């Protein structure tokens, strides 16, 4: 009996030890990030905007490509430069009507793509590749430095005139046609002839299904307003929700098979070219990196960034007020567009969002995918574009979305 009791006690001890080993959170302090996918939604291949200010077109068209994949199970490749050409002519018209007070610029927003889809349609990449200016036949990536200077110079040349002719748009359109090619009025696709509008209809895309969401306190929650950033020149009316509800919308969308177009600020210390987006507690940089204070103070900003983003470290706790302060003091700007499509966790069990970028597959450690922490998503999100059905029902009710 005593022997049996000892055996039972030993077995119980082993069981408890095994349970402790499997449930304890062991912090991995080794260098680098290691990610395991939790879930992800289907996306089209990563593309490369190269040297062009067209992330807004790449990211939102990638979002729409995922929408077609979700609803029809087919992969499409939308022409980015068709949208760029249509949008830049509209933006130039807007600037000219205001006497060039808002300066003409090549940027845009997710809503520009939705507006283009609704009013001009979309075309496949093969119908308008959008590159006619390469030095060699092998140049297939956008390089818009010359195009932007020529188009910007054309608009600047109109400034100061007492009167402009009714054909100035034709001149600007000729510039975009020269560099990007003419926007097709019809095209052949999979054995059928389409117009840009009829092709969109055949894909089941409806502009009214997509809404923009943001989260700031300088406007009332559960109402719409035009976010005051330069690239929202069309004055897209975004729904304003509290921060926790914006995060719920993102999570609900991903959990139900939807992706999101993401407008974000990526100019901060925690966003790296290697594929990481975090909000390290840089106010305590020496402590969290284990560096000597004197050595830390003497480091360059680039070296500090490297130290703060080389492995998982403590991050700042983000509040609604922090977001607002960063927006009001110009710390958060509308400088990049990407696509949110999944979630993952690092070696310590910390949760991240998987984000498709448009910088090609060779410019990050994860073949064009970025891993963005929850803190980064909370802090650096300017706006999201999402299918209205991806929004939780209780939030949709508050917003009056049917």
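The residues of the range 47-58 that are buried (at least 19 other Cβ atoms within 10 Å of the Cβ) and either in contact with a strand residue (DSSP E or B) (Cβ under 6 Å, 6 or more places away or on another chain) or on the phi > 0 side of the Ramachandran plot (or both), listed by number, are 55, 56.
Considering only the range 59-107, how many residues are surrounded by 24 or more Cβ atoms within 10 Å (Cβ to Cβ) and free of Cβ contacts under 8 Å to residues at least 24 places away in the same chain? Qualifying residue count for the region: 0.
Can we say residue 274 is in contact (Cβ under 8 Å) with a residue 60 or more places away in the chain, more than 25 Å from residue 213 (Cβ to Cβ), assigned to a loop (DSSP other than H, G, I, E, B) and under 20 Å from the mean Cα position of the chain (by Cα)? For residue 274, the condition - in contact (Cβ under 8 Å) with a residue 60 or more places away in the chain, more than 25 Å from residue 213 (Cβ to Cβ), assigned to a loop (DSSP other than H, G, I, E, B) and under 20 Å from the mean Cα position of the chain (by Cα) - is met.
Residue 268 satisfies every condition listed in (1) modelled with pLDDT of 95 or more; (2) closer than 30 Å to residue 323 by Cα; (3) not in a helix (DSSP H, G or I) except (1).
Looking only at residues that are free of Cβ contacts under 8 Å to residues at least 60 places away in the same chain and closer than 21 Å to residue 82 by Cβ in the range 153-175, which one is nearest to the chain's Cα centre (by Cα)?
So the residue we want is 175.
Checking each residue in the range 289-340 for being surrounded by 15 or more Cβ atoms within 10 Å (Cβ to Cβ), farther than 29 Å from residue 218 by Cα and in contact (Cβ under 8 Å) with a residue 24 or more places away in the chain picks out 289, 304, 305, 308, 309, 310, 311, 312, 313.
The values are calculated or read from the model by the stated rules, or taken from the named source; none is laboratory data. Because the structure is predicted, anything quoted here is derived from the model rather than measured. Don't worry about glycine lacking a Cβ; one is built from the backbone with ideal geometry, like all the others, and counts go over all protein chains shown.
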